[in-house]
Amino acid sequence: MTCNILVGGAWGDEGKGKCITYLCDKDKPSIIARAGVGPNAGHSVEFNGERYGLRLTPAGFVNKEAKLLIGAGVLVDPEVFFYELEYLNKYNVDNRTFVDYRCSIIEKEHKDRDQGSDHLYKKIGSTGTGCGPSNSDRVMRTIKLAEEIDVLKDYVTNVPLETNQAIDDGEEVFIEGSQGFGLSLYYGTYPFVTSKDTTASTFAADVGVGPTKIDDVFIVFKSYITRVGEGPFSTEIEQKKAEDMGLEEYGTVTGRRRRVGLFDMDLAKEACMINGATQIALTCVDRLYPDCERTQDYSAISGETKRFIEEIENETGVPVTIISTGPDLKDTIDLREELM
Ligand code: GTP
Ligand code: IMP
Ligand code: MG
């Protein structure tokens, strides 16, 4: 049996979508379970020349054999859920995507409260997707659950039961986290964080898998850092410098321009520790070192790039096993076999 979790190592947008699709296409898990806050996330997937932006559906959908589950800890906005089922219909997601019957439901009122809040929307810079007010209502025990919603009746299941059964049957299960370490309600840059913890232990709990069942925790770092919304960012650089370095980015969900900064080793060390990371996936290496664009072979990358990778490994004590050199699945150097 193998059950792996993937987490973000900074403030989200580390390229988790790309890493998830790569790992799910390659390792062929039978269940891909989405953890994390909810539709505030925006995962990007590039596959066979097409680009998809996802907020709720597991980014591993490209693996057509896998069952796609959304854990009880994840907030479900039925509008987003049904939009994505339609959007991804050529991948047959409609008959293999299910939500836990205990998922909290985001309603229009939650989005209005989020977007109308000076504190959340203006000061914190929330995504306005209703996640904060919904998690607050869950804590107050007033929110509706998926099992109470008629439109979801054909899509509810018991996610922990399915997931644990698959693990016990020796199948492979992949848990995909969203957001990132710096956005954790407990360990991030409070109050400029999201409405829940965003580390591996919480992601396991989101889908109802206990800590003794987890094999590997993949942590995704981008070779530089981006942040959307407000809050401290110690390695931030000026917009002009980011542009000169070719590192401009815009958000998948909100379209907001992302703040850009340099790789933060202290943040990476803390994120590896608190997540119990066992492997690092390093993305966008090509954007920092253009000479390795789309390379699939470790020996072909420059000495400077290798030194950067080795420094991350030495400082964090965690091996870099996946190196992403472009947005497509194929643009990947996979060093996992060397660990075995
Ligand atoms: P969040 O859940 O918001 O954290 O999403 P995410 O981690 O999947 O990242 P997001 O899709 O928001 O942003 C990452 C961007 O970088 C996307 O446009 C990806 O297609 C792109 N990307 C991912 N990996 C690479 C890479 O190695 N090289 C390049 N050039 N682009 C990449
Ligand atoms: P909320 O989660 O919408 O309440 O937003 C709180 C903070 O988390 C804001 O700074 C958002 O920009 C940030 N945030 C939430 N989810 C993501 C994500 O998936 N990627 C990047 N930033 C996020
Ligand atoms: Mg994103």
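The values are calculated or read from the model by the stated rules, or taken from the named source; none is laboratory data. If you're wondering where the values come from, they're calculated on a predicted model, not measured in any experiment. Note that we place each Cβ from the backbone using ideal geometry, even for glycine, and neighbour counts take in every protein chain shown. Note: areas computed on protein heavy atoms with side chains; ligands, DNA, RNA excluded. Shrake-Rupley method; radii C 1.70, N 1.55, O 1.52, S 1.80 Å.
Once you treat every alpha carbon in the range 83-226 as an equal point and sum by Debye, what is log10 I(q)/I(0) at q = 0.09, 0.14, 0.17, 0.20 Å⁻¹?
At q = 0.09, 0.14, 0.17, 0.20 Å⁻¹ the computed log10 ratios are -0.35, -0.88, -1.25, -1.45.
Any idea what the dipole of the chain comes to, in debye rounded to 20, about its Cα centre with Lys/Arg Cβ at +1 and Asp/Glu Cβ at -1?
That gives a dipole near 780 debye.
Trypsin sites (Lys or Arg not before Pro) within the range 73-154: which are DSSP loop residues with at most 13 other Cβ atoms inside 10 Å?
Here the trypsin sites (Lys or Arg not before Pro) that fit, given the DSSP loop and packing criteria, are Arg141.
Kindly report the accessible area of the chain per residue (heavy atoms of protein chains, probe 1.4 Å, no ligands, DNA or RNA), in Å².
The answer is 42 Å² per residue.
Looking at the chain as a GNM with Cα springs under 10 Å, which of Glu315, Glu176, Glu236 has the largest mean-square fluctuation?
It is Glu315.
When you count, for each residue, the other Cβ atoms within 10 Å and take the mean per peptide, how do 192-198, 44-50, 240-246 rank with the highest first?
Result, highest mean first: 192-198, 44-50, 240-246.
Relative to the Cα centre, what is the charge dipole magnitude of the range 27-164, using +1 at the beta carbon of each Lys and Arg, -1 at the beta carbon of each Asp and Glu, and rounding to the nearest 20 debye?
320 debye
How long are the semi-axes of the equivalent ellipsoid of the range 74-127, defined as square roots of 5 times the Cα gyration tensor eigenvalues? Whole Å, largest first.
28, 13, 9
Rounded to the nearest 5, what is the percent of antiparallel bridges among the DSSP beta bridges in the chain?
Beta bridges within the chain, antiparallel portion: roughly 30 percent.
Using a probe of 1.4 angstrom, how much of the accessible area of the chain is carbon and sulfur, in percent?
After summing per-atom areas, the C and S share lands at 49 percent.
To one decimal place, what Kirkwood hydrodynamic radius in Å is obtained for the range 143-239 from all pairs of distinct Cα atoms?
Final number for the Kirkwood radius of the range 143-239 is 16.2 Å.
Can you find, among Gly170, Val220, Thr235, the residue sitting farthest towards the positive end of the charge dipole of the chain, where Lys and Arg contribute +1 and Asp and Glu -1 at Cβ?
Thr235
Would you work out the Kirkwood radius for the range 104-159? I mean one over the mean of 1/r across all pairs of different Cα atoms, in Å.
12.1 Å
Counting C-alpha atoms alone, how compact is the range 182-303: give Rg to one decimal and Dmax as a whole number, in angstrom.
Rg then Dmax for the range 182-303, in Å: 16.2, 47.
Hey, what does the equivalent ellipsoid look like for the range 1-124, semi-axes from the Cα gyration tensor as sqrt of 5 times each eigenvalue, largest first, whole Å?
25, 17, 14
Quick one: which residues, 5+ away or cross-chain, put their amide H under 5 Å from the amide H of Ala33? H built at 1.01 Å from N.
Under 5 Å from the amide H of Ala33: Leu69, Phe174, Ile175, Glu176.
If packing is taken as the average count of other Cβ atoms within 10 Å, what order do 10-17, 317-324 fall into, highest mean first?
10-17, 317-324
In whole angstrom, how long is each semi-axis of the equivalent ellipsoid of the chain, when you take the square root of 5 times every eigenvalue of its Cα gyration tensor and sort them from largest down?
Values for the chain, descending: 30, 24, 18 Å.
What's the magnitude of the charge dipole for the range 126-210 around its Cα centre, counting Lys and Arg as +1 and Asp and Glu as -1 at the beta-carbon? Answer in Debye, nearest 20.
About 600 debye.
Among Asn275, Asn135, Asn92, determine the one that fluctuates most according to a GNM of the chain built with springs between C-alpha atoms less than 10 Å apart.
Asn92
Could you state the number of Å between the C-alpha centres of the range 12-87 and the range 259-279?
The two parts, judged by their Cα centres, are 23 Å apart.
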